[in-house]
1. What net charge is computed for the residues neighbouring Pro47, neighbours being all others with C-beta under 12 Å from the C-beta of Pro47, Lys and Arg scored +1, Asp and Glu -1?
2. Using amide H atoms built 1.01 Å from N in the peptide plane, name the residues 5+ places from Gln39, or on other chains, whose amide H lies under 5 Å from its own.
3. Using +1 at the Cβ of each Lys and Arg and -1 at the Cβ of each Asp and Glu in the stretch 20-119, identify which of Gly52, Pro78, Met37 lies farthest towards the dipole's positive end.
4. Just the accessible area for Leu112, please: 1.4 Å probe, Å², rounded to the nearest 10?
5. Kirkwood hydrodynamic radius, the stretch 20-119, all distinct C-alpha pairs: what's the number in Å?
6. Could you work out the local net charge near Ala94, counting Lys and Arg as +1, Asp and Glu as -1, over the other residues with Cβ closer than 13 Å to its Cβ?
Amino acid sequence: MAAAGDGPWLDDAAGRLVRPFTVSNGRTEPSIALDLMSQVMATGVTPLGYLGPEHAQALDLCRAPVSVAEVAAHLKLPAVVTKVLLSDLVDCGALTTKPPVFHHNPTDRSLLEAVLDGLRRQL
């Protein structure tokens with residue numbers, strides 16, 4: 001029996017009925033570079049040609065800016081498969097993408113020390 005809202009692609013007992021790489025036609029390389037934190041957003045352009053149900057779901061999720069990681073989580077697909085689907089949508093003009101913006105220095109010593117202190121408290 002399918003879970004509510006998941007359609008025919010998921011089964012409570014068996015899990016995903018369609019294997020993830022079937023969704024991307026076996027492709028494992030997106031046509032553009034996408035980081036998990038890259039932001040994607042729908043452009044309003046209607047894609048030409050056939051797109052699968054996952055493409056439509058991804059496009060619907062991207063009405064507002066959203067990260068690639070969030071789209072993968074909502075679609076319940078591996079990140080690499082999600083990147084292929086999103087790159088298809090970028091290629092046809094239906095999505096736009098923006099690399100992640102960092103407002104801090106990721107190698108800031110005080111930040112790394114604070115993370116290390118937090119990890120030590122957890123252990």
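1. Net charge around Pro47: -2.
2. For Gln39, whose amide H was placed from the backbone, the distant partners under 5 Å are Lys98.
3. Of Gly52, Pro78, Met37, it is Gly52.
4. In the full protein context, Leu112 sits at about 90 Å².
5. Result for the stretch 20-119, one decimal place: 14.5 Å.
6. Overall, the nearby charge balance is -2.
The values are calculated or read from the model by the stated rules, or taken from the named source; none is laboratory data. This one's a predicted model, so the numbers in the text were calculated from it and none came from an experiment. We place every Cβ from the backbone using ideal geometry, glycine too, and count neighbours over all the protein chains shown. Just so you know, the surface numbers come from the protein's heavy atoms only, side chains and all, with ligands and any DNA or RNA stripped out. Shrake-Rupley method; radii C 1.70, N 1.55, O 1.52, S 1.80 Å.
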